[in-house]
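Let me begin by handing over the structure; questions about it come next.
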Amino acid sequence: MPARTQLVARPGQPRDLALGAAELRGILRVVEDCERASALPAFREAALDALSRHLGYRNSAFFLGSSIETVFQDQRPTVRGLAMRMSGPFLERYRGLEAFTDKESLRLMQERGLVTLDDIGNPERPEVRLRLERFLRAHGIHSKLLLRLAGPSSACAVITLLDPRPGAFGPRDRAIAAVVGRHLGNLLRFYVRTNTGPSLTAKLSARERDVVRLVAEGHSNRQVAEALCISIDTVKHHLTHALVATSCSNRTQLALAWQREMGGVAMPGPALG
């Protein structure tokens with residue numbers, strides 16, 4: 001387990017990073033949850049769950065790659081909320097958008113570490129950002145904040161926060177993201193260094209992970225189907241694949257294996273009606 005993280009203000013910290021006690025408590029709890037992860041895949045899950053639970057960012061995605069140029073080619077990003085629409089065909093179209101290969105957009109993400117939808121694109125080619133905006137809005141997403149975690153040179157991670165409201169991410173959100181990014185980047189270095197190979201979650205597709213996570217939280221097939229907007233038969237199909245991939249003999253064994261990898265506790269996901 002990584003050493004305990006302390007949130008300490010840096011000398012000369014910009015005014016917009018002067019967060020209140022409530023925000024700092026939320027950030028500390030995010031870091032504490034992530035420190036309890038057993039391995040890199042569990043860290044990805046824990047980061048998004050903690051951002052939702054402690055800071056209210058319920059729509060998110062965690063991309064991991066070897067560099068800023070390859071990070072959005074992640075075939076199995078971890079997703080929550082609206083970002084669940086990134087599974088399957090949506091994700092393929094999303095990755096194909098020019099904003100994620102445009103050199104100017106990638107340079108901004110690399111140098112700033114924190115960009116919004118308004119920052120993306122080359123001033124000389126405004127159509128790059130406009131295509132991304134049109135695509136996201138067609139899927140109910142009107143605001144986007146990308147946070148690059150300052151990890152090791154061998155890995156690059158980007159957490160994407162999404163919101164259906166226009167202009168949802170302001171100075172407070174940027175300040176929170178800047179502090180979160182620094183501390184989660186330190187944890188990313190630890191988990192990449194100690195990553196020993198394929199784990200249970202690494203054997204599952206993004207949608208299979210969503211299904212297994214909800215099952216591990218005790219939800220029925222019907223509740224899982226309603227939460228993910230898929231049929232009960234599709235839930236059963238994903239569970240069957242997950243059982244084969246993980247060599248688990250039944251649903252209970254699969255749920256226990258998931259909870260063990262997540263640090264012994266089933267991480268709560270989106271509330272089910």
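How far, in nm, would the chain grow between Ala150 and Asn250 when pulled straight, counting 0.36 nm per residue and subtracting the alpha carbon separation?
32.1 nm
Okay, next question. Can you tell me the order of 202-209, 240-247 when each peptide is scored by its average per-residue count of other Cβ atoms within 10 angstrom, highest first?
Taking the mean over residues of other Cβ atoms within 10 Å, the ranking is 202-209, 240-247.
Additional query: What is the packing order of peptides 54-62, 215-223, 171-179, 156-164, taking the mean over residues of other C-beta atoms within 10 Å and listing the highest first?
Going from most to least packed, we get 156-164, 54-62, 171-179, 215-223.
Compute and list, largest first, the equivalent-ellipsoid semi-axes of the range 20-194 from the alpha carbon gyration tensor, each √(5λ) rounded to a whole angstrom.
Those come to 24, 18, 16 Å.
Relative to 2.2 N^0.38 Å, what does the C-alpha radius of gyration of the range 201-261 come to as a ratio? Two decimals please.
Its radius of gyration relative to the 2.2 N^0.38 Å reference: 0.97.
Moving on to the next point. Relative to the present Cα-Cα distance, how much length would full extension add between Cys229 and Arg107 at 0.36 nm per residue of separation?
Contour length minus the Cα-Cα distance gives 40.3 nm.
For the range 120-174, which GluC sites (Glu not before Pro) are both in a DSSP coil and crowded by at most 13 other Cβ atoms within 10 Å?
When the GluC sites (Glu not before Pro) of the range 120-174 are filtered for loop state and at most 13 Cβ neighbours within 10 Å, Glu124 remain.
Here's a follow-up. Sequence neighbours fewer than 8 away in the same chain don't count; with that in mind, list the lysines whose C-alpha is under 20 Å from Lys203.
Excluding near neighbours in sequence, the set is Lys236.
Since every read-out is calculated from the coordinates, none of them should be taken as a lab result. Since the structure is predicted, the reported quantities are computational estimates derived from the model, not experimental observations. Cβ sites come from the backbone with ideal geometry, for glycine too, and all protein chains shown count toward neighbours.
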